[in-house]
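Since the structure comes first, as structure tokens, the remarks are kept for the end.
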Amino acid sequence: MTLPIGNPLIARSGVANATAQPTPAGDAGEDIRMMFTKLLVAQIRNQDPLNPTDPAQFVAQLTQLSQTETLQQVSQRVLAQTRALSGLQGYALGSHVGREVSVETPSVERVNGHAIRGSVDLPIQSESAEIVLTSSNGKTIRKPLPASSGRTEFSLDDAWFAANQLGAGKFDIHVQSGTTKLPVRVSGRVERVHLDGTGAQIDVSGVGTRIDAANIRELSANAPSGAAKHGSAA
């Protein structure tokens with residue numbers, strides 16, 4: 001049985017006034033148990049003697065409290081483990097600062113003098129596929145990919161950007177294969193690792209900042225060479 005907030009029986013017993021006081025800092029779970037116990041005692045004391053409450057209702061309420069406490073404990077443990085794993089992941093990524101990484105991303109940040117290199121997984125017997133690049137001002141440029149299936153690499157260098165009158169800046173990027181929009185993986189150098197409550201994040205040259213580490217698809221054992229940075233004209 002659940003008592004309404006304005007129940008006069010609870011008010012006469014003084015429980016409502018007691019629970020209305022500010023709760024000092026401490027164990028929130030203990031505060032909830034104390035409040036529940038006081039409410040339960042008030043219910044038992046003030047029930048109608050001619051129509052007593054079914055004891056099964058009290059048992060059900062106690063069971064519900066126990067289940068709630070268990071779920072809270074499980075949630076706290078999972079959160080603690082997640083933070084610990086995130087920290088370990090961040091420390092592991094720290095050893096890759098300066099090395100090359102491939103991340104799945106919907107956008108890139110181009111710097112003059114550096115190519116955008118990446119790859120895409122094309123379906124078997126895919127229709128003609130093309131890279132679709134959209135600038136921040138809404139200009140869209142497409143570049144056909146060679147007929148292929150499976151992992152297909154691409155490179156957009158300075159010459160290609162100049163030919164299409166595109167400069168440095170942020171671009172949305174994906175591959176269009178028929179009516180299917182495919183995500184791309186872009187390669188760049190890990191510049192920084194961030195650790196906060198949301199998990200490990202990385203800054204990747206040519207891609208962007210604070211990229212979720214879950215988007216990493218490949219880690220290189222070596223730093224990228226100067227030749228690899230610039231890619232090939234295509």
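Each value in this text was obtained by applying a stated rule to the coordinates, not by laboratory testing. The shown structure was predicted, so the numbers you read here are calculated from the model rather than taken from an experiment. Heads up, the Cβs are rebuilt from the backbone with ideal geometry, glycines too, and the neighbour counts pull from every protein chain shown.
Computed FRET efficiency, Cβ-Cβ of Arg210 and Asp31, R0 30 Å: what is it to the nearest 0.05?
Computed FRET efficiency for Arg210 and Asp31: 0.20.
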In sequence order, calculated HN-Hα J values of the range 172-181 (Karplus, 6.51, -1.76, 1.60; Hz; x Gly/Pro): 7, 9, 7, 10, 9, 10, x, 9, 9, 9
Cα gyration tensor shape of the range 89-174, rounded if a/c is under 1.5, else prolate or oblate by comparing a/b with b/c: oblate
Relative packing of 158-166, 111-119, 71-79, which averages over residues the other C-beta atoms within 10 Å, highest first: 111-119, 158-166, 71-79
Ratio of the Cα radius of gyration of the range 138-226 to 2.2 N^0.38 Å, where N counts its residues: 1.26
